[in-house]
Amino acid sequence: MQCVILAAGEGSRMRPLTSSRPKVMLPLAGKPMLEHLIRNVRDAGITDIILVVGYHEDAIRKWFDNGLKFGVSIRYVVQRKQMGTADALRTAEPFIHEQFLMLNGDMIVETSDLLKIIGQPGPVMATYTTAHPESFGVVTVENDKITTLEEKSLHPKSNIINAGAYLFETGIFDILKKISPSSRGEYELTDALTDYIGKGRLSAYSLSVWMDVGYPWDMLCANEHLLASISGDILGTVEENVVIKGQLILGKGSVIKSGTYIEGPCIIGENTSVGPNAYLRPGTTVGNNCHIGHAVEIKNSIIFDDTKIPHYNYIGDSVIGSRCNFGAGTKIANLRHDHGIVKVGGVSTGRKKFGAVIGDDVLFGINCSINTGSSIGSGARVAPNSLVSGIVEKDTVIT
């Protein structure tokens, strides 16, 4: 069997993290989001993978190459202009010769569920039951068949959503050729599915685990989920007087210095220095070539490669891009005084604890304070003793 994975989009809701990389290459539990998906597809027995790429495609090609090191064979097709999911799937048609699995590249799904999907006669749509169906395409199901499908609605007909995983036969391409652009000017896969639904042919499979990584704060939930199943692996150096509780993965060339206290599960990449006297709390993932220094506390956060957090800093429930530098004493708040749900730019995170999302190459002076729910664009420069709150655009200089 073959698998088509849609990975062409930028993921505009993930800005500023996607200013220099495609959404599917954002790191979760020490690996790009797309790598977790490819590994699970492989473990379900599918090794022939077609990646539909576009935005910053070079990053995907460089990381995965021909797929050999991941135990799969990868071919690339390019969607030059993002014209919708149906348009993306149509680019893969010349390479499809049989029934195939199709997946959106920005989700977490388990191998066990993929095995059950491909074990059924197609076409099949994967569904998931959620408490917030208004944020997704909603379906109704009767006798294991999809009976209706509607896009986002303030008054959804059910709490069952379209999860973005499908088993298709090659006949889907004949249907795709007949659809017209939507009101957004895009060719929507959901329009093609109505043909199957009208004929009572589209089966439903309810996923046991599913996570949609649509916003930066969704990365924290996905990261927590993936970290929960890791097994400790210490490949770097741990000095004396270091306390490690729970599971820790420590990459080659990394050093944990004396006095540091780590509560797993945590992942620390390669050639990264932590401590002395640092405190890493559960849910934390630190990338490669980072420096986490003296008296720094990091809780439930994702730190991208090459970022420096060297002295007396606190980072809580945040996502920090690459090549950032935090001046001594700079801290991120992660809890409102009223313990209310944190919003970023007016969008609810659904979390009572969320700090900030910070793009690449952001520099902070000493003793800066970053308010909960802040979003700071790539390349921003922040002067010492500044208070940062709300949305800060790319390359802004705060004096």
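Descriptive notes on the structure:
- Close pairs (6 angstrom Cβ cut-off, 6 or more residues apart or separate chains): assigned by TED's automatic domain parsing to the domain that holds K23 and modelled with pLDDT of 95 or more in the range 40-69, basic (K, R) and assigned to a strand (DSSP E or B) anywhere: I50/R75
To keep it simple, each residue is scored yes or no on (1) at pLDDT below 90; (2) among the hydrophobic types (A, V, I, L, M, F, W, C).
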{"position": "K177", "(1), (2)": "yes, no"}
{"position": "G185", "(1), (2)": "yes, no"}
{"position": "E188", "(1), (2)": "yes, no"}
{"position": "K199", "(1), (2)": "yes, no"}
{"position": "S206", "(1), (2)": "no, no"}
{"position": "D212", "(1), (2)": "yes, no"}
{"position": "A222", "(1), (2)": "no, yes"}
{"position": "S229", "(1), (2)": "no, no"}
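- Any chance G122 is modelled with pLDDT under 85 and assigned by TED's automatic domain parsing to the domain that holds L103: yes
- From the list I292, I267, I315, I298, the one residue that fits, being within 24 Å of R21 (Cβ to Cβ), crowded, with 19+ Cβ neighbours inside 10 Å, at pLDDT 95 or above and within 19 Å of the chain's Cα centre (by Cα), is I267.
- Checking L51, L89, L103, L37 one by one, the residue that is touching a Phe, Trp or Tyr at 6+ places or on another chain (Cβ under 6 Å), outside any loop (DSSP other than H, G, I, E, B) and crowded, with 16+ Cβ neighbours inside 10 Å is L51 and no other.
- Checked against (1) within 21 Å of T194 (Cα to Cα); (2) of a type outside the set (K, R); (3) assigned to a strand (DSSP E or B), I108 passes all but a single condition, namely (1).
- Test: residue in the range 148-163 that is under 19 Å from N104 (Cα atoms), polar (S, T, N, Q) and not assigned by TED's automatic domain parsing to the domain that holds I267: yes
- Helices (runs of 4 or more DSSP H) fully within the range 133-246 counting 1 or more residues that are farther than 30 Å from L280 by Cβ and in contact (Cβ under 8 Å) with a residue 60 or more places away in the chain: 172-176, 189-198
- V357 modelled with pLDDT under 95, under 19 Å from the mean Cα position of the chain (by Cα) and of a type in the set (A, V, I, L, M, F, W, C): no
- Check on V397, farther than 19 Å from I268 by Cα, free of Cβ contacts under 8 Å to residues at least 60 places away in the same chain and surrounded by fewer than 21 Cβ atoms within 10 Å (Cβ to Cβ): yes
- Of the residues making up the range 270-282, those that are at pLDDT 95 or above and of a type outside the set (D, E) are N271, T272, S273, V274, P276, N277, A278, Y279, L280, R281, P282.
- Qualifying strands (runs of 3 or more DSSP E) (wholly inside the range 293-384; at least 2 residues being under 27 Å from I256 (Cα atoms) and not aliphatic (A, V, I, L, M)): 297-299, 308-311, 314-316
The values are calculated or read from the model by the stated rules, or taken from the named source; none is laboratory data. Bear in mind the structure is a predicted one, so any value in this text is a computation, not a measurement. Using ideal geometry, Cβ is built from the backbone for each residue, glycine included, and neighbour counts are taken over all protein chains shown.
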